[in-house]
1. Springs between alpha-carbon atoms under 10 Å, Gaussian network over chain B: tell me which of B:Gln283, B:Gln98, B:Gln191 tops the mean-square fluctuations.
2. Taking only Cα atoms and a 10 Å spring cutoff, compute GNM fluctuations for chain B and point out the largest among B:Gly245, B:Gly231, B:Gly198.
3. Would you work out which of A:Gln111, A:Val152, A:Ala101 lies farthest towards the positive end of the dipole of segment A:87-155, given +1 charges on the beta-carbon of Lys and Arg and -1 on that of Asp and Glu, about the Cα centre?
4. Compute the convex hull volume of the Cα atoms of the protein assembly as shown, divide it by the residue count, and report the result per residue in Å³ as a whole number.
5. Sticking with the crude label model, points 7 Å out along Cα→Cβ, report the distance from A:Phe8 to B:Asp176 in nm, one decimal please.
6. Once you've got the Cα coordinates, tell me which of B:Lys136/B:Lys163; A:Lys9/A:Lys201; B:Lys94/B:Lys166; B:Lys136/B:Lys166 are over 21 Å apart.
7. Under a 10 Å cutoff between Cα atoms, tell me which one of B:Ile213, B:Ile237, B:Ile134 has the largest fluctuation in the Gaussian network model of chain B.
8. If we count other beta carbons within 10 Å of each Cβ, what is the order of A:Thr194, B:Thr150, fewest first?
Amino acid sequence: MIRFENVFKRYPERGEALGSVNLEVQAGEMVFLTGHSGAGKSTMLRLIGLIERPTRGQIVVNGRNLATLPRRQIPFYRREVGMIFQDHRLLPDRSVFDNVAMPLVVAGVGQKEIGRRVRAALDQVGLLSRERATPVALSGGEQQRVGIARAVVGRPPVLVADEPTGNLDPDLSREIFELFERFHYVGVTLMIATHDLNLVKSMRHRTLTLDAGRLVNDTGDW
Amino acid sequence: MAKQRSRRRRGPRLLDLPGIWLGQHWQTALETLGRLKENPLPSAMTVAVIGISLALPAALYVMTDNLRTMAGGWDQTAAISLFLRFETDDTHAKRLSQDLATWSEISRVHLITREQALEEFRALGGFEEALEEITKNPLPIVLAIYPTPTYSTPELLEGLQDKLLKLPEADFARMDTLWLQRFQAILDLVQSGSLLLGLLLGIGVLLIVGNTIRLEILNRRIEIEIMELVGATAAFIRRPFLYAGAWYGLLGGATAWLLVTISVLLLQQPVSRLASLYRSEFQLSGLGFAATGVTLGASVLLGLIGSWIAVNRHLRGAEPQ
Ligand SMILES: Nc1ncnc2c1ncn2[C@@H]1O[C@H](COP(=O)(O)OP(=O)(O)O)[C@@H](O)[C@H]1O
Ligand SMILES: [Mg+2]
């Protein structure tokens, strides 16, 4: 589902962020990505989301070679990859409903269908009763769940999350991870970057470790 | 039965797509208009500036158009006034005028006797005291000569005037249309000037709309970024800004129309009064149907182009580094 072939990423000012990464993630796998701060976790996820392009090497996601994907196809590719960010990236002046509906609105889905699918997604993250609220009225954990609802509302086959629990306490973090596990059980491919090693160990999923841009450990599938 | 239902559930049929597409555009257009109302002050300022910019050339057009209509009424005045020698009497003058009417250059000759000339002079008013002192009518007989249309050019009229002056009865002649032609040439100049002014102000409108749209794009940077992340196409992101430009143009054009129309209404009465002093039926007319259409069409087009430029410069769509 996700394949990295000898991928390098170099930032002009900072030098190499990723070096010679090779990786194969099967469809439906749930993978944790760990490593020290600055190890290159975010960079890897941004490459998958096609927010950045690799300096060298090939990335294939969901059968699409990102290197040869024409620019006009990028929006359609992004609808196949749900992205979750540490800072949520919600619009503070829009309701929870409108925030979650955004991927469907930009895809031209009809009003009725939007209502149905947004409520289904909010139900999955346990926020059905808060659809009229604005994100600022929600707690950090709730905001992150809105971000997750937005990422899954278009039912993408791939989900990537960059330190989704970075600002949450352990209990809330576990809740969020268990939520991800539920998507894993219905066949979604997930890659989650996180610092939270205790949580990662207790959940028993494949775990990758990055160190200074190199993939130094891969537990393989559990 | 079951097959049909599943097909319907899969999504819109191809035949419905144009309707859906139009519906989406209409919805975007309405949403964009709603967004203009959210920031009424900057929106109103932009519309006002566009309105005033477009009102100037439109007003100039209305002015020259009216002057042309007015000048058209004067075409009926004689091309050449031929003043006869003082000793010529009315019967002789009458025979001469009939004679002249047979010339190929001349379509019509109108005889103004001394008495008629004096009457007209009296009717103008303001000369009562001077006229009372006069015992003998000092005015000569005048033949007002209307040339055939083919002889109405300045050069040919000049020739006709020379020919007329060779008549033994002729004292002197005055060409009446020269100033009219000069006037029309000036009108042409003013009209080209208003076209140029319109062009310059049109560029101004492009810049105004472009700048307003640019600021709106900057204000919505974060939203645009998120929309791109969740898979919005460049066209989808651009569309509301293009609509905003078109709305600015349309509202600005309507404002221009309103400004010109109000000005015309305010001036109508004084102009009619002035015209009646000159025994003219002249009526000030505003932007006609066609000119209104051109004004609104041009304003929408300018708004669209202005926003299109801004959108092209500031919204390039999802572009990975
Ligand atoms: N946009 C960027 N421009 C320049 N350097 C960057 C950028 N993003 C990340 N880096 C650098 O790349 C390396 C990896 O960063 P990142 O992928 O964010 O690591 P992590 O998410 O594991 O903390 C770091 O040295 C960081 O400074
Ligand atoms: Mg990071």
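Just so you know, all these numbers are worked out from the coordinates, no wet-lab data involved. These numbers come from a predicted model, not from an experiment. Cβ atoms come from the backbone with ideal geometry, glycine included; neighbour counts cover every protein chain shown.
1. B:Gln98
2. Residue with maximal mean-square fluctuation among B:Gly245, B:Gly231, B:Gly198: B:Gly231.
3. Most positive-ward Cα: A:Gln111.
4. Looking at the protein assembly as shown, the number lands at 255 Å³ per residue.
5. 9.4
6. Violating the 21 Å limit, Cα to Cα: B:Lys136/B:Lys163; A:Lys9/A:Lys201; B:Lys136/B:Lys166.
7. For chain B, modelled as a Gaussian network with Cα springs under 10 Å, the answer is B:Ile134.
8. Going from sparsest to densest Cβ surroundings: B:Thr150, A:Thr194.
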